[in-house]
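Beneath this line is the structure, given in structure tokens, with notes to follow.
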Amino acid sequence: MISLTMKKLLFNNLLLTFCIIFGLSDKLTVVSCQSKYDYNWVIASNADGIPGIDAYVIDFNGGKRTSREISAFNSIHGGNSVISDKNGSLQFFTNGCEFMDTLGGIVANGEMISPGEIYDTYCPFGIYVGAQNSTILPDMYNDNHYYYLQKEAVLGPFGESNFALLYPVLHYSYIESTTLGSNVLIKSEKIDSSRYYFGASLESILHENGSDWWVVNYTLAEDGGKRLTYLLDQNGINLYKEEEYIDPNSLNRECSSAGQSAFSPDGKLYAKFCSFTGIDIFDFDRATGEFSNYRNFPISFWQNTNSGLAFSPNSQFIYISSGGDELYQLDLNEENLEDGFLLIGEYDGFLDPFPTNFTYMQLGPDCKIYMTSTNGVYSYHVINNPDEKGQDCNFVQHGFELPIANGTASIPNFPVFRFDGDEVCDPTITSVFDIPVEVVYDLELYPNPTNDKVIIGFAEVLRKGTLFIKSMSGQVLLKQEFDFSGSLEVSLTEYDAGMYMVEVVSGGKRYVDRVVKVD
């Protein structure tokens, strides 16, 4: 008797063979079987904490990177996880607090993922504390079913500290997604609650068999400093191996929010970065889950914490952000890694309206690397050609303008989904937004300060454009299209006293300045 699981495996193998055969012959119809689980990214920002807000999907389907407006129940900050089905259709997303659908509501049984003090304090604002502490993985044995893994946070005494952010629970939820909507079948089921986990670096990679997942997690140095490797298969998720980590200093509490980890797109390497101890690099075996050939590159940024790391699509380069003002490239083909360590960019001082410094990174389906800032700003930085060495990688600061403010350092935590003949990413994906926007600061605002109206003047006549008035938190208070203007007049009477950002986008340029409203 053949089990249901065995039948699914046989079907998957036949389908894979079918795709390969059809893809090799130019006389047959080409069938695309490349998974698109990461083809939708969601950003949502809600400064007022009101349920039912505007959000945007960054969509990589159809050969173009576009964005479309949707509704979301709440904001999304550091706990950003989102999943599409294998064909690229958005299923659901989460901020670590609740599972949200694409209609502005919560999926069935999707509320209060991690109840407790952290939930009560931060989740009304869409914030679940911690970076890279959650992820969504498709169940390869059951179409349209997904696992959500999360490290649950608490506040409490630890060591010499009377008030510490700790992660004592690793749990999972199991979600079914159908044409009628999504439903949480299992919610916040504990995998383990006997340890204090490292706050970041929850990372996954597809097993060589194409059906199972390896999941990597760590305990704090103060709790043994161990690497925990889990196997997610048809039997669920279970601890596969527990081993002492080679450098426990990189697992101390300071590192818990001070870096990022990633598997290389070819599945052969793993890197973990802490801004205090440097980059740890290992060879990895997707068949056995074994880590080997440890080496460390001791770069450190002691003044910063929220640093990021990403591999290039060809797995040759690692990009490292300082969490502040610098972006570096490390060439792994160099025998002496120090020879391949290059400064790629330094923060240009741009305010959007907060500093657009350098933080976490994620490789996109379009073969570009996107990078966040620690603040809620209106842009991602972009490494346009990450497979190229040095300045040829074409790093553009605030190069991808977002339609709303991004949640603080918010970017999805995706594993590598495509292996075994699939393209890691698709460099032919273009963008309707890839038009450079030059930022200038020559607005003329008068009177400034003002208790009523402000006149916005320009050094040149603008044919048409868009005017924004924004709060200093980045909330758009006014958006107004205009045609042909040497100056604009805006009333601030209804606004409270304070400072506001005035922004005009026109003709490929962005004009920015501040105005002060007084009583």
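The values are calculated or read from the model by the stated rules, or taken from the named source; none is laboratory data. Because the structure is predicted, anything quoted here is derived from the model rather than measured. FYI the Cβ positions are ideal-geometry reconstructions off the backbone, even for glycines, and counts take in every protein chain you see. What goes into the accessible areas is simple: the full protein's heavy atoms, side chains included, and nothing from ligands, DNA or RNA. Shrake-Rupley method; radii C 1.70, N 1.55, O 1.52, S 1.80 Å.
Search region 35-69 for residues being modelled with pLDDT under 75 and over 18 Å from ILE106 (Cβ atoms), and hand back the single one that is surrounded by the fewest Cβ atoms within 10 Å (Cβ to Cβ).
It comes out as ASP48.
Got at least one residue in region 107-126 being in a strand (DSSP E or B), farther than 24 Å from GLY289 by Cβ and touching a strand residue (DSSP E or B) at 6+ places or on another chain (Cβ under 6 Å)?
Yes, there is a match, as at least one residue in region 107-126 is in a strand (DSSP E or B), farther than 24 Å from GLY289 by Cβ and touching a strand residue (DSSP E or B) at 6+ places or on another chain (Cβ under 6 Å).
Give all pairs with beta carbons closer than 9 Å in which a residue from region 280-293 that is in contact (Cβ under 8 Å) with a residue 12 or more places away in the chain meets a residue that is assigned to a strand (DSSP E or B) and of a type in the set (Lys, Arg); count only pairs at least 6 apart in sequence or on separate chains.
As it stands, the answer is ASP280/LYS272; ASP280/ARG295; ILE281/LYS272; ILE281/ARG295; PHE282/LYS272; PHE282/ARG295; GLY289/LYS241; PHE291/ARG227, since those pairs meet every condition given.
Starting from region 144-157, take each residue that is under 12 Å from ILE186 (Cα atoms) and assigned to a strand (DSSP E or B) and list its partners that are of a type outside the set (Val, Ile, Thr) and open to solvent by 50 Å² or more (accessible area, probe 1.4 Å), counting only C-beta distances under 6 angstrom and pairs at least six apart or across chains.
HIS145/GLU176
If you scan region 67-98, which residues turn out to be within 17 Å of the chain's Cα centre (by Cα) and of a type in the set (Ser, Thr, Tyr)?
Within region 67-98, SER67, SER75, SER81, SER84, THR94 qualify.
Could you say which residue among PHE273, PHE301, PHE282, PHE297 is of a type in the set (A, V, I, L, M, F, W, C), farther than 17 Å from ASN217 by Cα, crowded, with 16+ Cβ neighbours inside 10 Å and at pLDDT 90 or above?
Being of a type in the set (A, V, I, L, M, F, W, C), farther than 17 Å from ASN217 by Cα, crowded, with 16+ Cβ neighbours inside 10 Å and at pLDDT 90 or above holds for just one of PHE273, PHE301, PHE282, PHE297, which is PHE297.
Give all pairs with beta carbons closer than 7 Å in which a residue from region 53-80 that is small (Gly, Ala, Ser) meets a residue that is surrounded by fewer than 20 Cβ atoms within 10 Å (Cβ to Cβ) and assigned to a helix (DSSP H, G or I); count only pairs at least 6 apart in sequence or on separate chains.
Short answer, once both residue conditions are applied: SER75/PHE125.
Which one is least open to solvent (accessible area, probe 1.4 Å), of the residues in region 483-519 that are within 34 Å of the chain's Cα centre (by Cα) and among the aromatic types (Phe, Trp, Tyr)?
Per the criteria, the residue is TYR511.
Scanning for something within 24 Å of MET140 (Cβ to Cβ) and among the acidic types (Asp, Glu), does region 202-209 turn up at least one residue?
For region 202-209, residues within 24 Å of MET140 (Cβ to Cβ) and among the acidic types (Asp, Glu): present.
For region 415-461, enumerate the residues that are under 30 Å from TYR148 (Cα atoms) and modelled with pLDDT of 85 or more.
Matches in region 415-461: PRO415, VAL416, PHE417, ARG418, PHE419, GLU423, VAL424, CYS425, ASP426, PRO427, ILE429.
Hey, any hits in region 156-167 for a residue that's open to solvent by less than 10 Å² (accessible area, probe 1.4 Å) and among the polar types (S, T, N, Q)?
No.
Of all residues in region 244-266, how many are among the small types (Gly, Ala, Ser) and more than 15 Å from ALA310 (Cβ to Cβ)?
Adding up the residues that qualify gives 4.
Of the residues that sit in region 222-259 and are open to solvent by 50 Å² or more (accessible area, probe 1.4 Å) and among the aliphatic types (A, V, I, L, M), which one is modelled with the highest pLDDT?
Result: LEU239.
Report yes if THR29 is modelled with pLDDT under 90, over 25 Å from ILE369 (Cβ atoms) and buried (at least 19 other Cβ atoms within 10 Å of the Cβ), otherwise no.
No.
So if I check each of PRO365, PRO386, which one is touching a helix residue (DSSP H, G or I) at 6+ places or on another chain (Cβ under 8 Å), open to solvent by less than 10 Å² (accessible area, probe 1.4 Å) and within 20 Å of VAL424 (Cα to Cα)?
Only one candidate qualifies: PRO386.
Please work out which residue is farthest from GLN316 (Cα to Cα), limiting yourself to region 330-367 and to residues that are part of a strand (DSSP E or B) and of a type in the set (D, E, K, R).
GLU346
Residues being in contact with an Asp or Glu (Cβ under 8 Å, 6 or more places away or on another chain) and not in a loop (DSSP other than H, G, I, E, B): count how many of those fall in region 298-326.
Adding up the residues that qualify gives 2.
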